[in-house]
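Comments concern the structure below.
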Amino acid sequence: MTRHETISNPETVLPATPIALAPERPAIDLSSGKYLKLWQGPQHPGITGNMSVELTVCGDEVVEGKTHVGYLHRGFEKLMERRSFIQCFPIVCRVCVPEPDFNEYCYAGAIEELAGIEAPIRAQWIRTLILEMGRINSYLMYLGGQAGALGLGVVGQWTTYVRDLMLDRFEELTGARIYHMFILPGGVRDGLPEGFDGRMEETLREIERTMADVDEVMFHNAVFKKRTKGVGVIPPELIDAYGVTGPNARAAGLPNDVRRDQPYLVYPQLSFEPVTATASDMFARSDVRRRDLLMSVDLIRQILADMPREGALMAKLPNVLHWKIPRGETYVRGECSRGEYGYYAVTDGSGFPRRINVRGPSYTHAMALLEHLIPGTNIADVAALMVSLHTYPPEIER
Amino acid sequence: MRTLLENLKERFPLGPITEQRPDLVFVTVERSGLRPLLAHLRDREGFTHLVLLTAVDWIEENLFQLTYLVHDRRRGRDIGLRVLVPRDAAEMETIHDLWPTAATYQRELREMFGIGFPGSPRVDEEFILEGWVDLPPYRRDFDTKAFAEEAFAHRPGRETHDPATHMRERLTAQGRAK
Amino acid sequence: MQQDDVVEPRVPVKDELKKRTVKGPDGFEFEVDPIHDYYCDARPEVRPGSYLKIVEDLFNWARSESLWILGFGTGCGAIEMRPLMTPRFDAYRYGIQWRPTPRQANLFVISGYLSVKTLKRVIRSYEQMQNPKYVVGLGSCTVNGGMYWDSYNTIKKLDEYLPVDVYVTGCMPRPEALLAGFEELKRIIRAGKGEGANLYAKNFDWYKANQKRVIHDWDMPDYNW
Amino acid sequence: MTFEWIKIPQSLLTLFIVLNYGLLLTALVQKIAARAGRRHGIPIWQNYVDLLKNYGLRTNITHGVMYYLGPVFRLSGGVGLLLFVPTIYGSEMFSNLSFAGDLILALYFIFFGTLGMALGAGESGHPHAAIGVSRGLSQVTAAELPLALAVFSVALQYHTLSVTDIVAAQQGGVAHWTLVTNPLAVVAGMFSFLGSMMRSPFDVVLAPQEIPIGPPTEYHSSYLALMQTNRAIFPVAKMVIYMNLFFGGASSWAEFCLKIFLIYMVSALVGVVFPRFRVEQSIRWFLTWAVPVGVAAILLV
């Protein structure tokens, strides 16, 4: 415990006050004819992925919202219990679709820790590179979604276009667009291909150009400001109550970033400062993500400049067919684009994990927090509000 | 972390302690001692962030292990509290008044493990599954493969290999000769 | 398939779906039966094409050149839908568009694994689409379960539950593969073989029995449109 | 004044030309909007194919009489609007039935389709349709206000309510257009035009991300095809009014096409780069920006 001195002014850290629960609302009498039940989702273009929000509306105002998930449940945590450690590796990335690499990293990190393996230095640099690339992808998707939810479709076109360029880099590096399966327990599958740096630099420049356009069209747009400022505010005192992490917490002024608070991989060797804002509304959240994206661009440049080009990529693993890991439990976390992503892994000395629990940031954001924020908003804002929390349902229900 | 644990030991009865990493400790506590300890950690020691609440099924010992992982944002450290509850009378005190978000975790545990949390809001509502009629699926005695084979229509022609035998047959000389 | 093979729902009906009496704001009392009030549950019928072959060919050409996809991302395949509709792949060029409501869509892309809970919604959305309608199964998980072959919550074989016109395999299929799948679908439609809706109507009992076997809380009418 | 029967086939010819032009124009504008998103966009004939497909669907269901009549009302609104204003100035053939109607009738027709649609969509029973209708009516009313003011201003300016006379007064070069002689009325009218075109920032009525897709949620097959037909005719008809009132009318089909295209592009280009207002925000916007301009236009005449 030495790092905490570096943490900025303690005023921003929340005092341990009693948690304010959502105010008790009078029971809603649906048969009074005053209210209307409205389902947003699962078949609804304004919903992020396959989930649904059950709204009770009174006029244009929403009085109650309930999140329903489970449409994407595949039972990963159960499936992993009947797969050996190396067999789990190809399925973990499928837990979260838009940013799959964090699953691979957290799983690999947890298994390495329990098995007492250390990934080689070069592999750690490549892992960091992949995670930052994935973060950019995820943010680009978010920006398109946030603009699209407010009817500004053209931003989605632009960001998806540059996201495709980034997917090309992924393809070059890992061979796949979406599910990369690159971060193995023990290291990574391969090094960088020849000429990767140059093409990456081109992609980053294109991203920066597009972001300048997005900045102009979206963040300096009077209508966008009008729709997002002061809407969907997460009060700072509710951050801990609802387990808010990542950009959502940073937009409320809490400099909470796992990359700096509990550095993993090679983050201690990179220089960056968590991006924060104070307003905690929809606009602040999108702005934090935009600046975070640009910070990731900078981080990738740092990584490519500093990373070692020679060295091992894989630690020596035991025979993976008979790989047994002694009894133990651990929790490995990382800062993904939506907040704290973590794997809680328990082993029991056999060749299979005893239990693996995925802690996705959307789990708290989309369930309890969204239900808390929805009452009192306008129907038109619900979709945008949900996007602004940046939730991906597959990681909620796994 | 050491001083913190010393402090805690003086005030609360703590069970076995595992120091997993310098910033991550797992502590076993009694079922009744959990709530005061969590409240103390939250209000006095700065562990304000409930990272996760989950369960592990130790079916051999007929126990569920509930893990409450709390995080101190300021100092970047975590404590995992393990609580063991018997499998056949699986019930635990709710902590949704300490962290409202815990209600979601408790709903999931209720559904996936069948652990009861009396008093937790909407705990008995369906969360992920719909129209589930079998054992809670995350319990170890629920066999997902058998269930899937029985419940769903399968397309014939799918082959499943045991990796160890498959590799042996493919890679070794006598395997290839066969 | 015999009638007695139909599985009775094993889960009791939810309270909010039960028949009840409601008092309106003006004091007027009326009865509400949520399951049957709102939907028509007449059996679907086989709808033959146009009488003249040349007219039907023309319509089939129009159908194939104007595929309106229902905006329902049922699984992880939905993530490749966005690139499909944006600059790199731009499926609009081929007459493929999104429609946000099932009423106006005529192509249902099942984008990946279907959990049982989603299957229920998929069936309802599918039944609300207008004849003729087409289904594309996307990803290996719709073909035989794929990665999730032993999962307790995903169906393994989509064509047991809905008539499928084209499968696009892969995990995850690339947008190019999807475009090729759409081209294949267009060929099928132009040849007059895209008769999934009629197939569904013809084998209605069989499909229903299959659907009810996995959906235990069947709390909707047998057919709603 | 005697009625000449030849007027009817002539008007139908106008209708036919406008329908085709509308179908191509909407596709073209969609293509141009797609260019802003770095795409190629739909083929230019896509609207014809969609229309044919929707007429060719085999099933349709109904929710009642009003549900049937909704699209019919909407279409008759568009057709009526088109037929009672002169499409081509100075042409006996394409001045349609404009001898019978004046500006007030045109204003009424603009609103007529919306009302019919509201009734039809209301009967479809879908909550999204109901919400869309309530949003649509309030927004259209707010958007209509500046247009009405602009129309009064123009009518005061030219001392007539007849569209033909207004166009006649604007002949003889750009300097005689209302755009130059009464710019405030034009600004108010164009604000209203943005609001009635159902494009961002005033498309909260349709808003696919919020209430997909508002009033037409339940419409399908041939009902939808009918509405698509109207969607090709109605904007053009509305723009004919704007063209006649503010931009000097058109004396040939070429001029007509060019002017309509340019007017359409205004709303398309604004729509591409703006997100949408919430309904109460858009009403407030109309009341704070467009209505004062309209009032000023009346006062200054």
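The values are calculated or read from the model by the stated rules, or taken from the named source; none is laboratory data. Not measured: the values here are computed from a predicted model. All Cβ positions, even for glycine, are placed from backbone atoms using ideal geometry, and neighbour counts span all protein chains on display.
Points to keep in mind about this one:
- Residue check, B:Leu69 of a type in the set (A, V, I, L, M, F, W, C), modelled with pLDDT of 85 or more and outside any helix (DSSP H, G or I): yes
- Criterion violated by A:Pro394 - all others in (1) touching a residue at least 60 places away in the same chain (Cβ under 8 Å); (2) surrounded by 21 or more Cβ atoms within 10 Å (Cβ to Cβ); (3) in contact with a strand residue (DSSP E or B) (Cβ under 9 Å, 6 or more places away or on another chain); (4) over 23 Å from A:Phe219 (Cβ atoms) satisfied: (3)
- Any hit, the range A:97-106, residues being of a type outside the set (Ser, Thr, Tyr) and at pLDDT below 85: yes
- When the range A:327-344 is limited to residues that are facing another protein chain (nearest Cβ under 10 Å) and of a type in the set (Gly, Ala, Ser), the one that is surrounded by the fewest Cβ atoms within 10 Å (Cβ to Cβ) turns out to be A:Gly328.
For (1) of a type in the set (D, E, K, R); (2) more than 14 Å from chain C (Cβ to nearest Cβ); (3) more than 29 Å from D:Val291 (Cβ to Cβ); (4) assigned to a helix (DSSP H, G or I), each residue gets a yes or a no:
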| site | (1), (2), (3), (4) |
| --- | --- |
| D:Leu184 | no, yes, no, yes |
| D:Ala188 | no, yes, no, yes |
| D:Met198 | no, yes, no, no |
| D:Ala232 | no, yes, yes, yes |
| D:Met243 | no, yes, no, yes |
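- Within the range D:140-155, the set of residues being of a type in the set (S, T, N, Q) and buried (at least 24 other Cβ atoms within 10 Å of the Cβ) comprises D:Ser153 only.
- Selection of the range C:67-84 for residues being within 10 Å of chain A (Cβ to nearest Cβ) and within 20 Å of C:Ile189 (Cβ to Cβ) yields C:Leu70, C:Leu84.
- In the range C:114-160, residue nearest to B:Ala153 (Cα to Cα) [restricted to those that are in a loop (DSSP other than H, G, I, E, B) and away from chain B (no Cβ under 13 Å)]: C:Gly139
- Annotation note: of D:Leu103, D:Leu137, D:Leu119, the sole residue that is in contact (Cβ under 8 Å) with a residue 40 or more places away in the chain and surrounded by 17 or more Cβ atoms within 10 Å (Cβ to Cβ) is D:Leu103.
- Scanning the range A:347-364 for residues that are touching a Lys or Arg at 6+ places or on another chain (Cβ under 7 Å) and either buried (at least 24 other Cβ atoms within 10 Å of the Cβ) or more than 10 Å from chain B (Cβ to nearest Cβ) (or both) turns up A:Thr347, A:Gly349, A:Ser350, A:Phe352, A:Val358, A:Pro361, A:Ser362.
- Exactly one residue out of A:Gly144, A:Gly109, A:Gly134 is small (Gly, Ala, Ser) and within 13 Å of the chain's Cα centre (by Cα): that is A:Gly134.
- Residue among B:Leu34, B:Leu8, B:Leu53, B:Leu38 that is within 11 Å of another protein chain (Cβ to nearest Cβ), surrounded by 14 or more Cβ atoms within 10 Å (Cβ to Cβ) and of a type outside the set (Val, Ile, Thr): B:Leu53
- Here the range A:169-196 is the region considered, the condition is being assigned to a helix (DSSP H, G or I) and surrounded by fewer than 18 Cβ atoms within 10 Å (Cβ to Cβ), and the residue that is nearest to the chain's Cα centre (by Cα) is A:Glu171.
- Per the conditions (1) part of a strand (DSSP E or B); (2) more than 11 Å from chain A (Cβ to nearest Cβ); (3) closer than 29 Å to B:Pro137 by Cα; (4) among the small types (Gly, Ala, Ser), the sole criterion not satisfied by B:Gly15 is (3).
- Given (1) within 14 Å of chain D (Cβ to nearest Cβ); (2) surrounded by fewer than 24 Cβ atoms within 10 Å (Cβ to Cβ); (3) among the hydrophobic types (A, V, I, L, M, F, W, C), index of the condition A:Leu143 fails: (2)
- For the criterion of being touching a strand residue (DSSP E or B) at 6+ places or on another chain (Cβ under 7 Å) and closer than 18 Å to A:Ile136 by Cβ, A:Arg289 fails.
- Count of the range D:268-301 residues which are within 14 Å of chain A (Cβ to nearest Cβ) and either more than 30 Å from A:Asp213 (Cα to Cα) or of a type outside the set (A, V, I, L, M, F, W, C) (or both): 9
- Test: residue in the range C:57-66 that is modelled with pLDDT under 80 and surrounded by 13 or more Cβ atoms within 10 Å (Cβ to Cβ): no
- Within the range A:225-278, being among the basic types (Lys, Arg) and part of a loop (DSSP other than H, G, I, E, B) holds for one residue alone: A:Lys229.
- Residues that are within 14 Å of chain C (Cβ to nearest Cβ), at pLDDT below 85 and under 18 Å from the mean Cα position of the chain (by Cα) within the range B:87-128 comprise B:Phe127, B:Ile128, listed in sequence order.
- Evaluated against (1) touching a Lys or Arg at 6+ places or on another chain (Cβ under 9 Å); (2) free of Cβ contacts under 8 Å to residues at least 40 places away in the same chain, A:Ile183 falls short on exactly one condition, (2).
- Within the range B:129-147, the set of residues being of a type in the set (A, V, I, L, M, F, W, C), within 8 Å of chain C (Cβ to nearest Cβ) and either touching a residue at least 60 places away in the same chain (Cβ under 8 Å) or surrounded by fewer than 22 Cβ atoms within 10 Å (Cβ to Cβ) (or both) comprises B:Trp132, B:Val133, B:Phe142, B:Phe147.
- Screening A:Leu369, A:Leu321 for residues that are in a helix (DSSP H, G or I), surrounded by fewer than 17 Cβ atoms within 10 Å (Cβ to Cβ) and aliphatic (A, V, I, L, M) leaves exactly one candidate, A:Leu321.
- Test: residue in the range A:155-168 that is at negative phi and surrounded by fewer than 16 Cβ atoms within 10 Å (Cβ to Cβ): yes
- The listed residue being within 18 Å of the chain's Cα centre (by Cα), at the interface with another protein chain (Cβ under 9 Å from one of its Cβ atoms) and within 30 Å of A:Arg291 (Cβ to Cβ), out of A:Ala368, A:Ala383: A:Ala368
- Of all residues in the range D:106-136, those being within 21 Å of the chain's Cα centre (by Cα) and among the charged types (D, E, K, R) number 1.
- Of all residues making up the range D:232-283, the number that are of a type in the set (A, V, I, L, M, F, W, C) and in contact with a Leu (Cβ under 9 Å, 6 or more places away or on another chain): 19
- Filtered residues of the range B:76-102 (kept if crowded, with 22+ Cβ neighbours inside 10 Å and among the basic types (Lys, Arg)): B:Arg77
- Selection of first residues in the range C:201-213 that are in contact (Cβ under 8 Å) with a residue 24 or more places away in the chain and more than 23 Å from C:Lys117 (Cβ to Cβ) and of second residues that are among the charged types (D, E, K, R) and assigned to a loop (DSSP other than H, G, I, E, B), restricted to Cβ pairs under 6 Å at least 6 apart or on distinct chains, gives the following pairs, ordered by first then second residue: C:Ala201/C:Glu45.
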